[in-house]
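The values are calculated or read from the model by the stated rules, or taken from the named source; none is laboratory data. The structure presented is a predicted model; accordingly, all values stated were derived computationally and were not measured. Heads up, the Cβs are rebuilt from the backbone with ideal geometry, glycines too, and the neighbour counts pull from every protein chain shown.
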């Protein structure tokens, strides 16, 4: 069995039930963290409808939070969800403003790791967006339509 993530008549992703269920549960965590709806779902009759306007807002908020985070554990816990979200956004035709995100989005740094060598903030400009896009490209190869 599989699930369908659709916008209109177009299927953006057709994962297994387990992958879809796990992804949607992880998205729920980020909806709570960001205090924003994702625009995904709910899953009904093996179909998850995506509201592109709501999803676009969620994508940018998720990426902005990810950009402001320098904590290695938070990054590790969120990188795959961020990657899948970027793939879905690309397939949905949502423009991601990588330049604005690279220029440090509005808001304070979040979840900065403090260690003996000092605070660890987000990666260097340019490297962050390249790493997110590379992870998304890697995941996209395994995301059947």
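Values as computed for the structure displayed
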item: Selection count, region 67-95, where residues are buried (at least 17 other Cβ atoms within 10 Å of the Cβ), farther than 21 Å from residue 41 by Cα and out of contact with any strand residue (DSSP E or B) (no Cβ under 9 Å at 6 or more places or on another chain); result: 1
item: Test result for residue 67, more than 21 Å from residue 7 (Cα to Cα) and modelled with pLDDT of 90 or more; result: yes
item: Matching residues, region 1-38, being under 15 Å from the mean Cα position of the chain (by Cα), under 21 Å from residue 140 (Cβ atoms) and in a loop (DSSP other than H, G, I, E, B); result: 38
item: Single match in 52, 42 (criterion: at pLDDT 95 or above and out of contact with any helix residue (DSSP H, G or I) (no Cβ under 7 Å at 6 or more places or on another chain)); result: 52
item: Residue in region 81-103 that is on the phi > 0 side of the Ramachandran plot, outside any helix (DSSP H, G or I) and at pLDDT below 90 present; result: no
item: Boolean, residue 41 is touching a strand residue (DSSP E or B) at 6+ places or on another chain (Cβ under 7 Å) and either under 21 Å from residue 103 (Cβ atoms) or in a strand (DSSP E or B) (or both); result: yes
